[in-house]
1. Scanning region 75-121 for residues that are under 22 Å from residue 48 (Cα atoms) and of a type in the set (Lys, Arg), which turns out surrounded by the most Cβ atoms within 10 Å (Cβ to Cβ)?
2. Take the residues in region 9-32 that are modelled with pLDDT of 95 or more and within 15 Å of residue 125 (Cα to Cα); name whichever of them is surrounded by the most Cβ atoms within 10 Å (Cβ to Cβ).
3. How many residues does region 92-136 hold that are part of a helix (DSSP H, G or I), closer than 20 Å to residue 34 by Cα and out of contact with any helix residue (DSSP H, G or I) (no Cβ under 8 Å at 6 or more places or on another chain)?
4. Do we find a residue being surrounded by fewer than 16 Cβ atoms within 10 Å (Cβ to Cβ) and in a helix (DSSP H, G or I) anywhere in region 54-68?
Amino acid sequence: MELLQEVANISGRPGLYRIVKPGRGGVIVESLDASKKREMINANAKVSVLKEISVYTENVNESKPLSEIFLVIREKHGEKVDFDMKNASNKDYFDFFETVLPEFDKERVYATDVKKIINWYNTLSQFLPEIFEETK
(Lines give C-alpha, C1' and ligand atoms only; values in the text may rest on other atoms or scores of the structure.)
Protein backbone atom coordinates (compact mmCIF):
# COMPACT_ATOMS: atom_id res chain seq x y z
CA MET A 1 0.00 0.00 0.00
CA GLU A 2 2.80 2.39 -0.88
CA LEU A 3 0.29 4.58 -2.73
CA LEU A 4 -1.01 5.68 0.68
CA GLN A 5 2.13 7.84 0.81
CA GLU A 6 0.51 9.99 -1.89
CA VAL A 7 -2.90 10.28 -0.20
CA ALA A 8 -3.63 12.87 2.47
CA ASN A 9 -6.34 14.21 4.71
CA ILE A 10 -6.34 17.99 5.13
CA SER A 11 -7.57 19.26 8.46
CA GLY A 12 -10.78 21.28 8.14
CA ARG A 13 -11.58 19.94 4.66
CA PRO A 14 -13.81 17.02 3.77
CA GLY A 15 -12.57 14.07 1.76
CA LEU A 16 -9.15 12.82 0.73
CA TYR A 17 -6.57 14.34 -1.57
CA ARG A 18 -3.80 12.92 -3.72
CA ILE A 19 -0.55 14.82 -3.36
CA VAL A 20 0.51 15.82 -6.87
CA LYS A 21 3.73 17.75 -6.20
CA PRO A 22 5.25 20.32 -3.89
CA GLY A 23 4.94 23.94 -4.87
CA ARG A 24 6.62 27.13 -3.66
CA GLY A 25 4.04 28.01 -1.04
CA GLY A 26 2.82 24.55 -0.13
CA VAL A 27 1.70 21.46 -1.98
CA ILE A 28 -0.50 20.87 -5.01
CA VAL A 29 -3.25 18.33 -4.33
CA GLU A 30 -6.02 16.73 -6.36
CA SER A 31 -9.31 15.77 -4.72
CA LEU A 32 -10.12 12.06 -4.66
CA ASP A 33 -13.65 12.35 -5.96
CA ALA A 34 -15.40 12.68 -9.29
CA SER A 35 -14.37 16.34 -9.73
CA LYS A 36 -10.57 15.70 -9.52
CA LYS A 37 -10.16 19.37 -8.61
CA ARG A 38 -6.56 20.54 -8.21
CA GLU A 39 -5.53 23.27 -5.82
CA MET A 40 -2.57 24.64 -3.90
CA ILE A 41 -2.62 23.95 -0.17
CA ASN A 42 -0.76 26.44 2.00
CA ALA A 43 2.35 25.19 3.79
CA ASN A 44 0.69 26.10 7.11
CA ALA A 45 -2.23 23.69 6.56
CA LYS A 46 -2.27 20.50 8.62
CA VAL A 47 -1.81 17.74 6.07
CA SER A 48 -1.83 14.13 7.32
CA VAL A 49 -0.48 11.49 4.95
CA LEU A 50 -2.50 8.26 5.33
CA LYS A 51 0.63 6.09 5.27
CA GLU A 52 1.71 7.71 8.56
CA ILE A 53 -1.61 7.28 10.40
CA SER A 54 -2.11 4.42 12.83
CA VAL A 55 -4.75 3.42 15.39
CA TYR A 56 -4.14 2.96 19.10
CA THR A 57 -4.34 -0.57 20.45
CA GLU A 58 -4.73 -1.82 24.01
CA ASN A 59 -0.97 -2.37 24.14
CA VAL A 60 0.27 1.14 24.96
CA ASN A 61 3.54 0.60 23.06
CA GLU A 62 1.84 -0.56 19.88
CA SER A 63 -0.45 0.85 17.22
CA LYS A 64 -1.87 -0.62 14.01
CA PRO A 65 -1.07 1.12 10.69
CA LEU A 66 -4.06 2.31 8.69
CA SER A 67 -2.89 0.28 5.68
CA GLU A 68 -3.25 -2.97 7.64
CA ILE A 69 -6.70 -1.93 8.86
CA PHE A 70 -7.77 -1.21 5.27
CA LEU A 71 -6.63 -4.68 4.20
CA VAL A 72 -8.68 -6.32 6.96
CA ILE A 73 -11.72 -4.26 5.97
CA ARG A 74 -11.21 -5.33 2.35
CA GLU A 75 -11.02 -8.97 3.40
CA LYS A 76 -14.13 -8.84 5.61
CA HIS A 77 -16.35 -6.33 3.80
CA GLY A 78 -15.25 -6.33 0.16
CA GLU A 79 -15.04 -3.22 -1.99
CA LYS A 80 -17.53 -1.12 -0.04
CA VAL A 81 -18.49 -0.94 3.61
CA ASP A 82 -22.27 -0.80 3.80
CA PHE A 83 -22.83 1.04 7.05
CA ASP A 84 -25.75 3.32 7.92
CA MET A 85 -23.74 6.30 9.15
CA LYS A 86 -26.71 8.62 9.56
CA ASN A 87 -28.51 6.38 12.03
CA ALA A 88 -25.53 4.67 13.68
CA SER A 89 -24.79 5.15 17.35
CA ASN A 90 -21.31 5.26 18.85
CA LYS A 91 -21.85 1.66 19.96
CA ASP A 92 -22.58 0.66 16.34
CA TYR A 93 -19.30 2.22 15.20
CA PHE A 94 -17.34 0.45 17.94
CA ASP A 95 -19.08 -2.87 17.24
CA PHE A 96 -18.12 -2.57 13.57
CA PHE A 97 -14.53 -1.62 14.37
CA GLU A 98 -14.18 -4.48 16.83
CA THR A 99 -14.73 -6.91 13.93
CA VAL A 100 -11.82 -5.24 12.12
CA LEU A 101 -9.42 -4.56 14.99
CA PRO A 102 -10.54 -6.32 18.19
CA GLU A 103 -7.61 -4.96 20.22
CA PHE A 104 -8.24 -1.25 19.52
CA ASP A 105 -8.01 1.06 22.54
CA LYS A 106 -11.62 1.87 23.42
CA GLU A 107 -10.60 4.93 25.44
CA ARG A 108 -8.35 6.62 22.86
CA VAL A 109 -10.21 5.73 19.64
CA TYR A 110 -13.42 7.70 19.13
CA ALA A 111 -16.51 6.98 17.05
CA THR A 112 -15.56 9.94 14.82
CA ASP A 113 -12.22 8.21 14.10
CA VAL A 114 -14.02 5.03 13.04
CA LYS A 115 -16.40 7.07 10.87
CA LYS A 116 -13.41 8.70 9.12
CA ILE A 117 -11.77 5.32 8.54
CA ILE A 118 -14.96 3.94 6.95
CA ASN A 119 -15.34 7.05 4.76
CA TRP A 120 -11.68 6.96 3.74
CA TYR A 121 -11.87 3.26 2.92
CA ASN A 122 -14.95 3.72 0.73
CA THR A 123 -13.37 6.73 -1.03
CA LEU A 124 -10.12 4.89 -1.73
CA SER A 125 -11.97 1.80 -2.88
CA GLN A 126 -14.04 3.85 -5.32
CA PHE A 127 -11.53 6.39 -6.64
CA LEU A 128 -8.12 4.72 -6.11
CA PRO A 129 -8.76 0.95 -6.25
CA GLU A 130 -5.18 0.29 -7.42
CA ILE A 131 -4.11 0.76 -3.79
CA PHE A 132 -5.63 -2.63 -3.01
CA GLU A 133 -4.44 -4.30 -6.19
CA GLU A 134 -0.74 -3.71 -5.49
CA THR A 135 -0.88 -5.87 -2.35
CA LYS A 136 -2.17 -8.97 -4.17
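The values are calculated or read from the model by the stated rules, or taken from the named source; none is laboratory data. Since the structure is predicted, the reported quantities are computational estimates derived from the model, not experimental observations. Quick reminder, even Gly has a Cβ in these numbers, built from the backbone with ideal geometry, and neighbours come from all protein chains shown.
1. Applying the filter and picking the extreme gives 115.
2. Applying the filter and picking the extreme gives 17.
3. In the first step, residues of region 92-136 are kept if they are part of a helix (DSSP H, G or I); the result is 92-100, 111-127, 130-133.
When the remaining residues are screened for being closer than 20 Å to residue 34 by Cα, the result is 116-127, 130-132.
Okay, now just the ones that are also out of contact with any helix residue (DSSP H, G or I) (no Cβ under 8 Å at 6 or more places or on another chain), so 116, 119, 122-123, 126-127.
The total comes to 6.
4. Within region 54-68, one or more residues are surrounded by fewer than 16 Cβ atoms within 10 Å (Cβ to Cβ) and in a helix (DSSP H, G or I).
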